[in-house]
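As structure tokens, the structure follows; a few thoughts come after it.
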There are 4 protein chains.
Amino acid sequence: MYSPQIRKLIDLFSKFPTVGPRTAARFVFYLLGVPKEGIRELTSAVSNLREKVKLCNFCFKSFEGEGELCEICRDPRRDKSLICVVEKEIDMIPIEKTKKYQGLYFILGGTISTLKKEDIKKIKAEELLERTKKPEVKEVILALNPTTEGEATLLYLERLLKPLNKKITRLGRGLPLGAELEYADEETLGSALEGRK
Amino acid sequence: MYSPQIRKLIDLFSKFPTVGPRTAARFVFYLLGVPKEGIRELTSAVSNLREKVKLCNFCFKSFEGEGELCEICRDPRRDKSLICVVEKEIDMIPIEKTKKYQGLYFILGGTISTLKKEDIKKIKAEELLERTKKPEVKEVILALNPTTEGEATLLYLERLLKPLNKKITRLGRGLPLGAELEYADEETLGSALEGRK
Amino acid sequence: MYSPQIRKLIDLFSKFPTVGPRTAARFVFYLLGVPKEGIRELTSAVSNLREKVKLCNFCFKSFEGEGELCEICRDPRRDKSLICVVEKEIDMIPIEKTKKYQGLYFILGGTISTLKKEDIKKIKAEELLERTKKPEVKEVILALNPTTEGEATLLYLERLLKPLNKKITRLGRGLPLGAELEYADEETLGSALEGRK
Amino acid sequence: MYSPQIRKLIDLFSKFPTVGPRTAARFVFYLLGVPKEGIRELTSAVSNLREKVKLCNFCFKSFEGEGELCEICRDPRRDKSLICVVEKEIDMIPIEKTKKYQGLYFILGGTISTLKKEDIKKIKAEELLERTKKPEVKEVILALNPTTEGEATLLYLERLLKPLNKKITRLGRGLPLGAELEYADEETLGSALEGRK
């Protein structure tokens, strides 16, 4: 029913995370109602994104401006002895919001579900190994999701970094805010019991 | 935490229907990983949308190609005596899928919640009145959502079109596929009883 | 972990509709906290239910009091020429609430998914046939859920009652209150189009 | 619409946890279909509950059989130096399932949201104080839900037990199994960072 141009844009939007064909169609009809100027603003913002935004040479976070390091890696107040490894850039935001972390980050770029070479190549494991070797680094926090894939990746990285003899930690497991014991899974509750204080 | 360029694009995506700032951020990080060529494909598809896609002179549906009428209004097999009024273009799709409608459409462009002039100006009521006056038009189906706003718009249009002395109908109310009587509201069930056959 | 008496009651409550073992356990712990008098009130209400409550000889609705007919079947103001067939007693409530139905009811006692004899025996098809034969009955409304099972039962009953040459109707299909065209299924929308008025 | 006996039982079932009038009605209609024997089984199980089931003199857990202590408090293999305080009996189950706890329990019987006397009387704070005074008790784990009410109760109990100079602990906070950093609240993530190991 859709014309070719609309069809094409629906296909492209359908590749966006969380977007299915129905939502993609709604995006297209929304754009049909946006004035020309708004369209230009959007397309130039999308084009500029890749031109203006660089990835940090140390942690792979996106940033704008001069130099090769992002604003966090450049910040003299950040503690260079700590590296917090996250799966993706967006995971840094809740950690920054806690205001309880003052170290550096490292964006792994994904997780692995097998130990196959092709799988491992997709994450920045080699780069992490290299960063961890730096003498100033004392602790690497593997802040990966407590999911099956996050667990598998965590185990792989622990083994990879072990020979460096640095402190390798993982996030504490336990009951989150608002949880109810009655519905807690055994593993989480077991960790909450062991981690009591 | 986000750089200005990312911030800007998050703001623009947040205006998309159903998209909040968190999803908008995911879109931006997704785009940061799309190769240059993909970015160009997307921006040109967005730009072309407004240049290639026109709105039909009769029904306001979007279409591409020559002429001033969309492929439905141009189709000699469609029944010109019937106009089905929908709130927005996307509502035409499920109707076309029923394969039970062979008339024309008219996209109202919105609904009204008050009878204030500014409110009424937002919908294409005048244009609908004009189309309905055409001698070949015998019935106007007001296919608006059975919601409070849809109802209000329906009442307004019924009064507007009444002097033309044409058949003005609305969609049948009743139980949808998969419904359970036990949970049906009284109004719907009342309509289902009255509309029994 | 539970003691035998608690275990047993959890098992019995787990047979209640919509109740799983976890909710059943919550019921038991709730009862452990109810004073003796409250327990006696509950058990006597449950026991009395079956002793005091009878099923109507005509429509199978539950009722209390003298005679063999429920308060609806006894009511001289109800229209005896109309029978509304529902799957279960609870389905009568939303119909009564519409205040648009003044006929009698008939509780089928279930639905069928196959035409196997054992399946058909579970519903009161024979009894319905007999009631429908009464000369005063002019219309039978098959008010079954528009679900797969409801449809199958409806088709079976239509065929069963057809030889009697009475009016057999079903509830009108269409869009329920609050629905949105955009998300309507084709069958429902097709019915809503056909049932326009 | 319902007869008095049904109405009464709906009211009684509506007091059950998680049960509203609609579900209560379904329970009643379910019972109307249960054979006499099943009804007798249910009412005697409910009556026996209060007669056969006792509350443990130490931890207030329900149990059957001889003596004044439940099977856990009686069990010589359980570690008498540890008391795990839970809000309600059902909270013991996931803890037992972890198989990581071998101490005793104490069922508080509720939580408090204010420090008003009437509020505090509803929980077994005095009894807990007494149990904690026993010389063999070395640690009290306050295993309350990490909710606002659980927190308030926890603070109250910590202050109450403090003068006894025993180890008072609370469950570890952190990310539960299956959580995603991206959606974690700041307090939980802050605890997960501090509790890293």
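Work out from phi, with θ = phi - 60° and the Karplus expression 6.51 cos²θ - 1.76 cosθ + 1.60, the ³J(HN,Hα) of each residue of segment C:90-98, listed in order in whole Hz, and give x for Gly and Pro.
5, 6, 5, 4, x, 5, 4, 5, 5
Let me check I've understood the local charge: for A:PRO35, count other residues with C-beta under 13 angstrom from its C-beta, Lys and Arg +1, Asp and Glu -1. What total comes out? Could you put the intermediate results ahead of the total?
On the way: positive: A:LYS36, A:ARG40, B:LYS15, B:ARG50; negative: A:GLU37, A:GLU41.
Within the 13 Å Cβ shell, the charges total +2.
Once amide H atoms are placed 1.01 Å from N in the peptide plane, what residues at a sequence separation of 5 or more from A:PHE58, or on another chain, have their amide H within under 5 Å of its amide H?
For A:PHE58, the qualifying residues are A:CYS70.
Report, for A:GLU136, each distance to the same residue's label point in the other copies, shortest first and in nm; define the point 7 Å along Cα→Cβ.
5.7, 7.8, 9.6
Using a cut-off of 13 Å between beta-carbons, work out the net charge of the residues near D:GLU51 (Lys and Arg +1, Asp and Glu -1, D:GLU51 not included). Show your work: numbers first, answer last.
On the way: positive: C:LYS36, C:ARG40, D:ARG50, D:LYS52, D:LYS54; negative: D:GLU64.
Neighbourhood net charge equals +4.
Where both partners of a DSSP beta bridge lie in chain B, what percent of those bridges are antiparallel, to the nearest 5?
Working: 2 of 15 bridges.
Within chain B, antiparallel bridges account for around 15 percent of the total.
Find how much the distance from A:LYS52 to A:GLU130 grows on full extension, using 0.36 nm per residue of separation minus their present alpha carbon separation; answer in nm with one decimal.
Numbers: separation 78, 0.36 × 78 = 28.08 nm, distance 2.71 nm.
Extra length available between A:LYS52 and A:GLU130 comes to 25.4 nm.
From the C-alpha coordinates alone, can you work out the Kirkwood hydrodynamic radius of chain C, in Å? Kindly include the intermediate steps, with their values, before the conclusion.
Details: mean 1/r = 0.0499 Å⁻¹.
Result for chain C, one decimal place: 20.1 Å.
Largest first and in whole Å, what are the equivalent-ellipsoid semi-axes of the protein assembly as shown based on the Cα gyration tensor, each being the root of 5 times an eigenvalue? Before the final figure, lay out each step's value.
On the way: eigenvalues 579, 502, 82 Å².
The equivalent ellipsoid of the protein assembly as shown has semi-axes of 54, 50, 20 Å.
Going out from 0 in 10 Å bins, what whole percent of all Cα-Cα distances in segment C:62-170 drops into each bin?
Histogram of Cα-Cα distances, whole percents per bin: 14, 48, 32, 6.
Which residues' amide hydrogens lie under 5 Å from the amide hydrogen of B:THR169, considering only partners 5 or more residues apart or on another chain, with H built in the peptide plane?
B:VAL140, B:ILE141, B:LEU142
Closest to the D-onto-C rotation axis, which residue of chain D has its Cβ, and how many Å off the axis is it?
Residue nearest the D-to-C axis, with distance in whole Å: D:THR43, 2.
Taking the label point as lying 7 angstrom from Cα along the Cα-to-Cβ axis, what are the distances from B:ASP11 to the corresponding position in the remaining copies, in ascending order and in nanometres?
For B:ASP11, the other copies' label points sit at 3.4, 6.1, 6.7 nm, shortest first.
Could you give, in nm with one decimal, how far D:LYS100 is from each other copy of that position, shortest first, with labels 7 Å out from Cα toward Cβ?
Nearest first, the other copies' label points are 1.8, 5.8, 5.9 nm away.
Quick one: 3J(HN,Hα) in Hz for segment A:171-186, Karplus 6.51/-1.76/1.60 with θ = phi - 60°, rounded, Gly and Pro as x.
Going residue by residue, I get 4, x, 8, x, 7, x, 3, x, 5, 10, 3, 3, 10, 6, 6, 5 Hz, with x marking Gly and Pro.
Does anyone have the angle between helix C:148-161 and the longest principal axis of chain C? Alpha-carbon axes, 0 to 90°, nearest 10?
That helix lies at roughly 50 degrees to the long axis.
May I ask you to evaluate 6.51 cos²θ - 1.76 cosθ + 1.60, the Karplus curve with θ = phi - 60°, for each residue of segment B:6-19 and list the ³J(HN,Hα) values in order in whole Hz, giving x for glycine and proline?
So the J values, rounded to whole Hz, are 5, 3, 4, 5, 4, 4, 5, 5, 5, 7, 5, x, 6, 9.
Find out how many positive minus negative residues lie around B:GLU126, taking Lys and Arg as positive, Asp and Glu as negative, among other residues whose Cβ is under 15 Å from that of B:GLU126. Don't skip to the end; give the middle numbers.
Values: positive: B:LYS117, B:LYS121, B:LYS122, B:LYS124, B:ARG131, B:LYS133, B:LYS134, B:ARG159; negative: B:GLU118, B:ASP119, B:GLU127, B:GLU130.
Computed value for this residue: +4.
Which of A:LYS80/A:LYS162; B:LYS88/B:LYS121; D:LYS133/D:LYS167 have a Cα-Cα distance over 18 Å?
A:LYS80/A:LYS162
We did not get these values from a lab; they are worked out from the coordinates using the rules stated. What you are looking at is a predicted structure, and each value in this text was computed from that prediction instead of being measured. Please note: Cβ atoms are built from the backbone with ideal geometry, for glycine as well, and neighbour counts cover all protein chains shown.
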